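Only one structure is covered here, and it is reproduced in the block below.
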Amino acid sequence: MMRLLYFTDTHIRGTSPRGRIDDFFDSMKQKLTEIIQIAEENKVHYVLHGGDVFDRPNLSPSVVREFAQLFREFSVPVFAIAGNHDIYGHNPATVDRTMLGLLEAFGILTLIKRNDCTVLTDGTYRVQLTGQPFHYDLDKRNIADDYAVTNQTKADYCIHMVHGMLVEKALPEGVPHTMVSSLLEMESDADILLTGHYHAGFRMQHKNNKYIINPGSIARLSNQQAEIKRIPQVVLIELDKEIRIRFQKLASASRGEDIFDRSFQEEAQYRQEKWAQFAQEVSAAGIYQGIQVEEIIEEIAKIDVLDSAVKREALKRIGEVQEMEGEKES
């Protein structure tokens, strides 16, 4: 029987995200230590990471050093793909110039890159492992180009990792994403599709002995209510004559209520309400989807019924969309 452990989106960083009152650095070290223990207790043969190992491609060497030492404590090989936060400008070709690339150079983990085809074995079963790192066109082009694989190695099982925005419910227009339902009907030899990027995760999807899994991010970076309630977890995979999947929540993960500043939560809720008001005002002003960003900014300036804080929030969000679209470096 082959055993694997999968987790994703650790977003390792040296500072705490805005709104968190705990020490994010220490919290992540505790979580990773527990994941190492889970791997040991379950005698896994391989560990898989679904991307966004780091929160920035050029993270401080002192922070990387601490976590590199932790990753070395895994007694089995670690395989990972690069997420959008791991690379520059949404370009996976830059990974060799990043801290994630440095971890691979020192043999701490192995990066699965586009077109790589790695065979894992426990002496009985052979597993073909492939991966699709984040790139600019992910979730914008034909989904089969990124999410479908063929069994090139005549393996017993195929596992494919993708750092894509795979979701159960459609996201707003303009946000690239792929629906889980569309993949369930797609032809692919992947017995297990492992994804990340979408921090909330989703319920395991299973059809015709094919599995689609996103356990959610190990890191909780936002103060949204869903993130406050969510407990980070890992996935344990057993491959024998059949596939067995088990989710395990991290005991070291504190309650969301204990790590987020409540006053910050209330402020965020207020901002969200104001944003909804802004959206209504934009609609009333006749701003439509095909308009250029520069024109949107001009229209925002004309809406004098909104206070400056709401306008700043609108401009901030437009900037975030531009960054997401690859017009700025991560």
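Some values worked out for this structure:
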item	result
Residue match in segment 207-225 (condition: within 19 Å of I35 (Cα to Cα), charged (D, E, K, R), open to solvent by 50 Å² or more (accessible area, probe 1.4 Å) and part of a strand (DSSP E or B))	no
Residue within segment 110-118 that is buried (at least 19 other Cβ atoms within 10 Å of the Cβ) and touching a Ser or Thr at 6+ places or on another chain (Cβ under 7 Å) present	yes
Output for segment 141-165, where each listed residue is assigned to a strand (DSSP E or B) and within 15 Å of M186 (Cβ to Cβ)	C158, H160, V162
Hits in segment 234-247 (condition: surrounded by fewer than 17 Cβ atoms within 10 Å (Cβ to Cβ) and part of a strand (DSSP E or B))	E238, I243, R244, I245, R246, F247
Pick from segment 42-72, criterion among the acidic types (D, E) and under 22 Å from M161 (Cβ atoms), ranking: surrounded by the fewest Cβ atoms within 10 Å (Cβ to Cβ)	D55
Enumeration of residues in segment 103-140 that are among the hydrophobic types (A, V, I, L, M, F, W, C) and assigned to a loop (DSSP other than H, G, I, E, B)	F106, I108, L109, I112, C117, F134, L138
All positions within segment 148-206 that are under 19 Å from the mean Cα position of the chain (by Cα) and among the aromatic types (F, W, Y)	Y198, F202
Pairs with Cβ under 9 Å, 6+ apart, first in segment 78-104 and closer than 24 Å to I36 by Cα, second assigned to a strand (DSSP E or B) and polar (S, T, N, Q)	V78/T110; F79/T110; F79/T118; A80/T110; I81/Q132; E104/T110
Criterion: open to solvent by 50 Å² or more (accessible area, probe 1.4 Å) and either touching a residue at least 60 places away in the same chain (Cβ under 8 Å) or of a type in the set (A, V, I, L, M, F, W, C) (or both) - qualifying residue of M165, M186, M179	M179
Test: residue in segment 9-26 that is within 16 Å of Q233 (Cα to Cα), open to solvent by 10 Å² or more (accessible area, probe 1.4 Å) and not aromatic (F, W, Y)	no
Test: residue in segment 36-47 that is touching a residue at least 40 places away in the same chain (Cβ under 8 Å) and of a type in the set (G, A, S)	no
Given (1) surrounded by fewer than 20 Cβ atoms within 10 Å (Cβ to Cβ); (2) small (G, A, S); (3) part of a helix (DSSP H, G or I), number of the condition A39 does not satisfy	(1)
Qualifying positions in segment 185-217 - of a type in the set (K, R) and touching a Leu at 6+ places or on another chain (Cβ under 9 Å)	K207, K210
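The values are calculated or read from the model by the stated rules, or taken from the named source; none is laboratory data. All figures in this text were calculated on a predicted structure; none of them were measured in a lab. Here the Cβ is made from the backbone with ideal geometry for all residues, glycine too, and neighbour counts use every protein chain on show. Areas reflect the complete protein model, heavy atoms only, side chains present, ligands, DNA and RNA absent. Shrake-Rupley method; radii C 1.70, N 1.55, O 1.52, S 1.80 Å.
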